[in-house]
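Participant: Supplied in structure tokens, the structure appears directly below.
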Amino acid sequence: MILPNKSIQPIDSLFCISSYIIDLAKHKDFTVDCIHSELLKTYPKKISIETIIHCINYLYIIGKLEVQDEIIKIKF
């Protein structure tokens, strides 16, 4: 589910969705709900809140995001 393969198209992978989240977080800090509403405007497909949470967890584990008081910030 993280990387695309035979059964998962690139647009459905967490890797692709996470890149959109990083692009959004470059400009300002967000909450999970704000990220979800912004991605619904910009991403070509509808994304569930669970998928957003999986992407945020993935980005946190690899050290790209930090979370402070429910605010998501990008780490450079």
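Participant: In nm, to one decimal, how far is the modelled label at Glu66 from the one at Lys46, with both set 7 Å along Cα→Cβ?
Facilitator: 3.7 nm
Participant: What's the ranking of 3-12, 65-74 by average number of surrounding C-beta atoms within 10 Å, highest first?
Facilitator: Values: 3-12: 10.9, 65-74: 13.3.
So the order, starting with the most tightly packed, is 65-74, 3-12.
Participant: Also, quick follow-up: Check the straight Cα-Cα distances from Lys64 and name the aspartates and glutamates below 14 Å, setting aside those fewer than 8 residues away within the same chain.
Facilitator: Asp23, Asp29
Participant: On a full-extension model of 0.36 nm per residue, what is the gain between Asp12 and Asn57, subtracting their alpha-carbon distance, rounded to one decimal in nm?
Facilitator: Length gained, Asp12 through Asn57: 14.6 nm.
Participant: If contacts are Cα pairs under 8 angstrom and at least 6 residues apart, what is the relative contact order of the chain in percent?
Facilitator: 29 percent
Participant: While we're here: Pull up the cross-link candidates among the aspartates and glutamates for Lys45, meaning alpha carbon to alpha carbon under 16 Å and not fewer than 8 places away within one chain.
Facilitator: Leaving aside aspartates and glutamates fewer than 8 places away in the same chain, those within reach of Lys45 are Asp12.
FYI, it's all coordinate maths here, none of it is from the lab. Just so it is clear, the structure is predicted and the values come from calculations on it, not from any experiment. Cβ coordinates were reconstructed from backbone atoms using ideal geometry, including for glycine residues, and neighbour counts include every protein chain displayed.
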